Structures are given as structure tokens and as C-alpha cells.
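So the structure is just underneath, and the comments pick up after that.
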Amino acid sequence: MRLFLAFDLDQKDKDRLKLTLHKIKKDFPLEKWIPEENWHLTLAFLGNIYDDETIKQLASLLQIVSKKQPTITTTIYKIDFAPPQTIVKRMIWAYLKNTEELENIYQKIKTSLNKMNIQQISQNNFLPHINLVRLQKTYKNKQLNQQTNINITLQTITLYQSILRPEGAKYVPLSSAKLN
């Protein structure tokens, strides 16, 4: 099973982001935008894990990490091409401010995964974002960099299974934990 850990977005936060995207989507009419039910903030992409015991440990990890962890408030500060510092932009992301609280929970998860001998697929520095579209064509001279100021609340971490399908990925929640 392809697994990842992510913060879910509340519907009110999705609605505010959707309003911001309304104008931007008009500039990219041929692109297939990721459905809002798939919007999330990835904390760790784990790749293929088939061991039931490891999956149970990951579910326990969510409970441990979320315990005594207050809800996190951060800001979506821009919508722009991604990934940054690459010549070919393959996506559009909503970029989030990396607060101290967000970085701390990311580091807790990363440390816990290392102790469990689970390697994250991406070892890059944590750059909080929400993937909004995987671009089908290249936009060489197009500018985006839409500045925003959307406050969002992160309060639920979920272990997801990612099922790849021709019409787009389906994310199945396996376990969740609320910050408190």
C-alpha cells in the first residue's frame, strides 16, 4: 500500500482557498485540478508498506504525536508554480508559512519514523504546501505568484493509503488523530 501522513484541511479552510483559486483556474482552463477532497498538507510520504504491524505502529504514532499538541494555525501566503528552484514547473501549490509549531510536529514525525526504521521517500527540507494541480503542459513565460493571506487551522493528522487510478488518485484514510 502506498502510504503517507498528512494534515487534513477543514471545510471552511477549503472554501476560502477555493474562492482564491476561482480566478486562477480561469488562466489554466485545460488543466485537471486536484479535487478539494484530496487537498492535504503532506508531512511524510512513506511509499509502499505492506506489513500490517508497521501500519498499526504508524496509527499509534499519530496518537503519540498528537497528544498534548495544540491545534496549529498557519497561513497560505501564496499560490505559485512548483516545485521551487526548478526550471520546469510541474505543479501549482498553495504555499504555507512554516510556523515553529508546524516544524516541531514535522520533526517529531520524522524522528519517530527514523526510530521505526521507516524511510520517507522525500528527504528534502520541509516545505509546507498543498498540491492543487499537476500541470499537463509547460508554461515557460507565464507568471503566477499570487500573494494570499488565508489563515488555516490544522487539527487532524491522518494516515492515508494512496490508490493510483487513471482518473486521479484516491486517498483512503486508515487512521486519524486530532491535536488537542
Handout entry: Residue check for residue 145: at positive phi and either in contact with a strand residue (DSSP E or B) (Cβ under 6 Å, 6 or more places away or on another chain) or of a type in the set (D, E, K, R) (or both)
Key = yes
Exercise for the section: Look at the stretch 137-169 and say how many of its residues are of a type outside the set (Gly, Ala, Ser) and closer than 22 Å to residue 51 by Cβ. Expected result: 7
Fill in the blank from the handout: Filtering the stretch 84-129 down to residues that are touching a strand residue (DSSP E or B) at 6+ places or on another chain (Cβ under 7 Å), free of Cβ contacts under 8 Å to residues at least 60 places away in the same chain and under 18 Å from residue 179 (Cα atoms) yields 99, 101, 102
Completion exercise
The condition of being in a strand (DSSP E or B), touching a residue at least 60 places away in the same chain (Cβ under 8 Å), surrounded by 15 or more Cβ atoms within 10 Å (Cβ to Cβ) and touching a strand residue (DSSP E or B) at 6+ places or on another chain (Cβ under 9 Å) holds, among 21, 5, only for 5
Problem - Residues satisfying the stated conditions in the stretch 147-168, i.e. surrounded by 15 or more Cβ atoms within 10 Å (Cβ to Cβ) and either among the aromatic types (Phe, Trp, Tyr) or at pLDDT below 95 (or both) - result: 160
Exercise for the section: Working only within the stretch 2-34, note down all residues that are at pLDDT below 95 and over 23 Å from residue 151 (Cβ atoms). Expected result: 26, 27, 28, 29, 30, 31, 32
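The values are calculated or read from the model by the stated rules, or taken from the named source; none is laboratory data. Note that the structure is a prediction, hence the values are computed from the model and not measured. Glycine also receives a Cβ, built like all others from the backbone with ideal geometry; neighbour counts cover every protein chain displayed.
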